[in-house]
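Here is the structure we will look at.
Nothing in this text is a laboratory measurement; each read-out follows from the coordinates by a stated rule. Just so you know, these numbers come straight off a predicted model, no measurement behind them. For neighbour counting, all protein chains shown are included, and Cβ atoms are generated from backbone atoms with ideal geometry for every residue, glycine included.
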Amino acid sequence: MLAADFANLQDMCEMINHSEAEWLHVDVMDGVFVPNISFGFPVIEAVKKHCNKMLDVHIMIVNPEKYVARFAKVGAGMLTFHYEAAENPQQVIDQIRAEGIKVGITINPDVPVSVLEPYVNQVDMVLLMTVFAGYGGQKFIEESYNRIDELREIIKRNNAHCLIEVDGGVTLENAPKLFKHGVNVLVAGSTVFKASDAGKMILDLLNT
């Protein structure tokens, strides 16, 4: 959603509703954890009224535990928080689970994948950032493939069943390789919304 035309969010929702996209990814930035500010609860609530796909809400904010209930209330179906932004990741996981929505945990590219091992059995999804959180339109970090492989091994070793999501620099060119490495969910903002036919681009990404 970060790459969409904010003046026409209802049109974006209708496009997503009629597309093959399964979720709408919503990036929330606070200007503290990341050097950018996006939007807050009123915008998410408005989008939820028009979008019939699950809202996959990625919060790039400090003190995520303070806002879990509000994100659930405005329509988050999946709430993904940053490991490095939480003093107690387990507490945040438990809070999200208590709200009856799906739980995701994420890390930036400079955080070791190994920190996620205690949590892979407790979350529905792990998001590996393939760019540094904070801005859309960045170039995919090639080292990410090795990190995806490491995460996949951690999941296998722990007999966990969480999904693997990647966010940042996803294109038609690298989507097939990402799927081959075991990624389940692709976040594609600029690639979709800068395409001449966004709905077709979504279909093309899924069919790579």
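In 5 Å bins starting at 0, how do the alpha-carbon pair distances of region 6-206 split up by percent?
It works out to 1, 7, 17, 20, 22, 17, 11, 4, 0, 0, in whole percents.
If each of R157 and L172 carries a label point 7 Å out from its Cα toward its Cβ, how far apart are those two points in nm?
Rounded to a tenth, the inter-label distance reads 3.9 nm.
Mind checking the dipole of the chain: about its Cα centre, +1 per Lys or Arg Cβ, -1 per Asp or Glu Cβ, Debye to the nearest 20?
Numbers: 17 positive and 27 negative charges, 62 e Å.
Rounded to the nearest 20 debye, it is 300 debye.
I'd like the isolated cysteines in the chain, meaning no second cysteine's beta-carbon lies under 4.7 angstrom from theirs.
By the Cβ distance rule, which asks for a partner under 4.7 Å, the isolated cysteines are C162.
Can you work out the Karplus-derived ³J(HN,Hα) for every residue in region 90-107? Use 6.51 cos²θ - 1.76 cosθ + 1.60 with θ = phi - 60°, whole Hz, and x for glycine or proline.
4, 4, 5, 4, 5, 5, 5, 4, 5, 7, x, 10, 6, 10, x, 10, 9, 9
Just want the answer: with Cβ charges of +1 for Lys and Arg and -1 for Asp and Glu, which residue in P118, A76, N108 is farthest toward the dipole's positive end in the chain?
Positive-most Cα among the choices belongs to A76.
Listing S144, S190, S196, S114 from the residue with the fewest other Cβ atoms within 10 Å to the one with the most, what is the order?
On the way: S144 21, S190 16, S196 6, S114 10.
Fewest to most other Cβ atoms nearby, the residues stand as S196, S114, S190, S144.
Only loop residues by DSSP count here, and only those with at most 16 other Cβ atoms within 10 Å; note down the chymotrypsin sites (Phe, Trp or Tyr not before Pro) in region 72-179 that meet that.
Loop-located and lightly packed - F132, Y135.
Output ³J(HN,Hα) for region 189-197: one whole-Hz value per residue in order, computed from phi by the Karplus curve 6.51 cos²θ - 1.76 cosθ + 1.60 with θ = phi - 60°, and x for Gly and Pro.
x, 4, 4, 7, 7, 8, 6, 5, 9
Could you work out how much longer the chain between A7 and N146 gets when fully extended? Use 0.36 nm per residue separation minus the Cα distance between them, nm to one decimal. Walk me through the numbers before you get to the answer.
Working: separation 139, 0.36 × 139 = 50.04 nm, distance 3.84 nm.
Gain on extension, A7 to N146, equals 46.2 nm.
For the chain, set up a GNM with springs between Cα atoms under 10 Å and report which of A160, A72, A98 has the largest fluctuation.
Maximum among the listed residues: A98.
Please name whichever of M12, G134, N52 sits farthest to the positive end of the charge dipole of the chain, dipole taken about the Cα centre and charges placed at Cβ: Lys and Arg +1, Asp and Glu -1.
N52
Please identify the trypsin sites (Lys or Arg not before Pro) of region 1-96 that satisfy two criteria: DSSP loop assignment and at most 16 other Cβ atoms within 10 Å. Which are they? It would help to have the intermediate numbers written out before the result.
Details: sites: K48, K49, K53, K66, R70, K73; in loops: K53.
Sparse-neighbourhood loop trypsin sites (Lys or Arg not before Pro): K53.
Efficiency by 1/(1 + (r/R0)^6): what FRET value for V43 and E117, r their Cβ-Cβ distance, R0 = 41 Å, to the nearest 0.05?
Details: r = 35 Å, r/R0 = 0.85.
The computed FRET efficiency comes out at 0.75.
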